[in-house]
Amino acid sequence: MIEPEKHEEFAAYKKKWDKFFKPWLKQLKSYRLLQQTLGGNTDGYVEMWEFENLAELEKFFNKLMQSDYNKKLYPEFASLIVPASRTMDIWSSIP
């Protein structure tokens, strides 16, 4: 969830994120960013990262953690979100 008073800052951050991650997204099967617009809390966002398998996810995040992301982009992102509102879950498709 984005802090209610920080939506303009989030829009600026999103432009930096898009520029940084554009080459990274080629390694994913798919990616989507969704914003809640009706019901509940409209400051909520969900990112969906799709990988071929867990090995590809691990490889991707290992590379990401060695990049400038943690030093440059993540601290800015962390300053925009409601504390303790970020979660990360791994889902599997059901045939």
Search result, residues across the range 17-69 that are of a type outside the set (Asp, Glu), under 24 Å from Glu3 (Cβ atoms) and part of a loop (DSSP other than H, G, I, E, B): Gln36, Thr37, Leu38, Gly39, Gly40, Asn41, Thr42, Gly44
Residue list for the range 1-45, restricted to those being surrounded by 10 or more Cβ atoms within 10 Å (Cβ to Cβ), more than 15 Å from the chain's Cα centre (by Cα) and acidic (Asp, Glu): Glu3, Glu9
Unique match (being hydroxyl-bearing (Ser, Thr, Tyr), free of Cβ contacts under 8 Å to residues at least 24 places away in the same chain and either in contact with a His (Cβ under 9 Å, 6 or more places away or on another chain) or not in a loop (DSSP other than H, G, I, E, B) (or both)) among Tyr74, Tyr13: Tyr74
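Each reported figure results from applying straightforward, stated rules to the coordinates on display, with no laboratory input. Just so it is clear, the model here is predicted, and its values are computed rather than measured. Here Cβ is always computed from backbone atoms with ideal geometry, including for glycine, and neighbour counts include all displayed protein chains.
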